[in-house]
There are 2 protein chains.
Amino acid sequence: MKGILVIADGLGGRPTDVDGRTCLEAAETPVLDELARLGALGLVDPIGPGVRPGSDTAHLSLLGYDPYAVYTGRGVFECLGIGMVVREGDVCFRANFASVEARGSELVVTDRRAGRIESGQHELAEALNAIDLESVPGVSFEFRASTQHRGALLLRGDGLSRHVTENDPHATGKPASRFAAEVDHDDEAARRTAAVLNEFVERAYETLRDHPVNLRRIEDGKPSANFVLARGAADCPHIESIESLYGVRGAVIAGGALYRGVALACGMVPIDVAGATGGLDTDLRAKAAATLVALESFDYVFTHIKGTDNAGHDQDAAAKTTFIERIDREFFGPLIEGLDASVTHLAFTGDHTTPIDFGDHTHEPVPVLFFGPNVARDETAAFGEREAGRGGLGRWSGRVLPMLLGYNNWSPKFGS
Amino acid sequence: MKGILVIADGLGGRPTDVDGRTCLEAAETPVLDELARLGALGLVDPIGPGVRPGSDTAHLSLLGYDPYAVYTGRGVFECLGIGMVVREGDVCFRANFASVEARGSELVVTDRRAGRIESGQHELAEALNAIDLESVPGVSFEFRASTQHRGALLLRGDGLSRHVTENDPHATGKPASRFAAEVDHDDEAARRTAAVLNEFVERAYETLRDHPVNLRRIEDGKPSANFVLARGAADCPHIESIESLYGVRGAVIAGGALYRGVALACGMVPIDVAGATGGLDTDLRAKAAATLVALESFDYVFTHIKGTDNAGHDQDAAAKTTFIERIDREFFGPLIEGLDASVTHLAFTGDHTTPIDFGDHTHEPVPVLFFGPNVARDETAAFGEREAGRGGLGRWSGRVLPMLLGYNNWSPKFGS
């Protein structure tokens, strides 16, 4: 047997999206509608009823973990997702290049994303990694750049803590904040970690401001990528791998670092797909093809599609609807054509709702589709929120991957 | 945006109520039926599947809290609900006047409610509060009378414990019990608390038996309110306020002290409504009007309606059905007419089932209705248990208020 889990980020919508329908309901999705007819639908609260999910916590929950027990923060998944090795005791951050201007003794943030820098960021990262921190002996760090302004920062050493505040003021025109121990965790380790971070960002500014990449950017009239903002402090979560829990091996296909990072933390093997961007321009046919190829070597594949959420955050109903139609035609079309439906179970859902009018995650349950030989057909014949509300599977919280693996008879028995 | 949560106590019923239908199904409820047509229904297990709820625990759960984590007993909500100030370390009781007769060395309970005393109870309370307890130095108390025989008792001092038994024998003709430390918590604090309580009720009997109010009652042939029964020991629960969790301010409108007390413990502001009695004779139009007025100053309002439960406990199907029809006509009619449906979300449910044949709470899930601009219409067109069972929202446990606040985009995100 083989298993395929597909999560379209922020898939869910509200009746305010498109004239009383959600984007998903408004989209023409003949392939998904046929899968609904052949399979069964339900509603899943990604984390729990009335809980507004983050993407990281929602994925952990859908993959079968209790995020209230295992989640420590986003940074660790960002580090893992861009290929960094995270060890017990490390403290990880989501970090990005930003632009600041010195005004008096303060560094005022003028662009939180350094003009979404498109090139030179790996050279800047190399310069950062040459910094020798002095204030706190025994602590090393690694900064890694990923796409555009994005990256991740990892601190390693004894006696560090994730309980530190961030330096991102979350607004332009404001000075970068100083790192500090969280009020509720003001201990030696947190103060030590904050001191390392404050020294790192000061030295980063000294290193970056006159870097040739930035001198060129200034010449070209672009914002200088002269500062680092770090947030989402996290340490290594204690997550038992899917393989140790179910005895099966899985692969992850995801353009976005966060989703790849979550899957890596659960023990999946990452597969790179050329053209998988984590955006609306992603190559969905390439992802479908890669999913089918990965199924030859792995028991199950988790494929993440991010664009739906991007369109939701951009409050662009037409873009979200069109992208869902593309998912149907360019991803599920070839995927279904290429798989052996007699030995494969498929689950498709979202990690949360991102309605157009709000432009951010909301609490509603999302539709979920199961398809395969062991799935009892229900009476639904279209894929959407309301059709899922009358689906034969009812409503529950999280754990979509365990259910998928269960259809493949791979679940461990609890009890005897 | 504005939010309205309405809970009708003991709303749910069984097919044994009225010729195969529940009281709610048998009632003519055109307003609620129209709201069902415009909104969506589901079934909510107030606490969890198969859990038979108390009113206090069910309300905590529906308001978004885990009653297994925060509930310490009923007494604290009774104290809060009648306006007492409860501090960390206080031990609270639901307390009421009763009638006893001295037989030998025992006080035998002859009426557990002192003939539902209608007047003079506040004078009696004043006399009680003048008692000077001597057995345990450093412990003070406050007794407050509310409606009829009902009241609450609060102990304050160092080293008290809620782990004490009660003195209510729960039957007439039996002697009042002595307070004692619970077998599982037989420590210094519990023994100390029991000693204070035993002294208090002995001194209360001495104080009340010859009180002018009681001498008059005896002359009039009424049971003497000469004793105090106390139960539901509880200490201050650790409940994070709705305001601190969601950043919004709420008001509570409830005739019953318990419900007002639960809402106060969650940080809501109480609003008095003349004619709101917590009984079948309550002024439902006044409660609807007060709800609309409160919405002008608060982000959301929780309105509790108690009469449904009273009729259920009285095993009076006609009274319950008629009262539900009154709720529809006299509460929801003017409420819906007065609210701005484009910016308001409404949730209506019960806190448990109180079927006629059993006359007490049962475990079944209760119907829940959501209505407002972000709620996706389902196919239901009437409000009732079975219609809710085919509603588009499915079935879940508790957390109706978080879902309502979520539709208003007020939820904090868990994760990132």
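No lab work stands behind these numbers, since they all come straight from the coordinates. All figures in this text were calculated on a predicted structure; none of them were measured in a lab. Don't worry about glycine lacking a Cβ; one is built from the backbone with ideal geometry, like all the others, and counts go over all protein chains shown.
Here are the numbers for the structure shown:
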quantity	calculated
Residue check, A:T207 in contact with a Lys or Arg (Cβ under 9 Å, 6 or more places away or on another chain) and of a type in the set (S, T, Y)	no
Test for A:A317: is it away from every other protein chain (no Cβ under 14 Å), crowded, with 24+ Cβ neighbours inside 10 Å and touching a strand residue (DSSP E or B) at 6+ places or on another chain (Cβ under 7 Å)	no
Conditions (1) under 30 Å from B:F358 (Cα atoms); (2) assigned to a helix (DSSP H, G or I); (3) touching a residue at least 60 places away in the same chain (Cβ under 8 Å); number of the one not met by B:T303	(2)
Hits in region B:364-374 (condition: under 24 Å from the mean Cα position of the chain (by Cα) and either under 18 Å from B:D328 (Cβ atoms) or within 7 Å of chain A (Cβ to nearest Cβ) (or both))	B:V366, B:P367, B:V368, B:L369, B:F370
Candidates A:D360, A:D351 - the one that is among the acidic types (D, E), closer than 17 Å to A:T303 by Cβ and within 11 Å of chain B (Cβ to nearest Cβ)	A:D351
Yes/no for B:V139 being surrounded by fewer than 19 Cβ atoms within 10 Å (Cβ to Cβ) and of a type in the set (A, V, I, L, M)	no
Among residues of region A:125-146, those that are in contact (Cβ under 8 Å) with a residue 40 or more places away in the chain and outside any loop (DSSP other than H, G, I, E, B), counted	7
Residue in region A:185-202 that is crowded, with 16+ Cβ neighbours inside 10 Å and touching a helix residue (DSSP H, G or I) at 6+ places or on another chain (Cβ under 6 Å) present	no
Any hit, region B:335-355, residues being more than 30 Å from A:L43 (Cβ to Cβ) and more than 17 Å from the chain's Cα centre (by Cα)	yes
Residue in region A:245-252 that is in contact with a Pro (Cβ under 6 Å, 6 or more places away or on another chain) and of a type in the set (V, I, T) present	yes
Qualifying strands (runs of 3 or more DSSP E) (wholly inside region A:6-124; at least 3 residues being within 14 Å of another protein chain (Cβ to nearest Cβ))	A:40-45, A:91-103
Search result, residues across region A:51-90 that are among the acidic types (D, E) and surrounded by 18 or more Cβ atoms within 10 Å (Cβ to Cβ)	A:D56, A:E78, A:D90
Pair list, Cβ under 8 Å, 6 or more apart: region B:20-45 residue closer than 25 Å to B:S397 by Cβ, other residue of a type in the set (S, T, Y) and assigned to a loop (DSSP other than H, G, I, E, B)	B:A36/B:T380; B:A40/B:T380; B:L41/B:T380
Residue selected from region B:398-415 under the condition within 7 Å of another protein chain (Cβ to nearest Cβ), in contact with a Pro (Cβ under 8 Å, 6 or more places away or on another chain) and of a type in the set (G, A, S), by the criterion farthest from B:L43 (Cα to Cα)	B:G415
Sole residue being polar (S, T, N, Q), farther than 23 Å from B:A26 by Cα and surrounded by fewer than 24 Cβ atoms within 10 Å (Cβ to Cβ), chosen from B:T322, B:T303, B:T277	B:T277
Qualifying positions in region B:59-85 - touching a strand residue (DSSP E or B) at 6+ places or on another chain (Cβ under 6 Å) and not acidic (D, E)	B:T72, B:G73, B:R74, B:G75, B:V76, B:C79, B:I82, B:M84
Single match in B:R377, B:R386, B:R395, B:R390 (criterion: of a type in the set (K, R) and more than 9 Å from every other protein chain (Cβ to nearest Cβ))	B:R386
Boolean, B:F332 is under 21 Å from B:V44 (Cα atoms), away from chain A (no Cβ under 14 Å) and of a type in the set (A, V, I, L, M, F, W, C)	yes
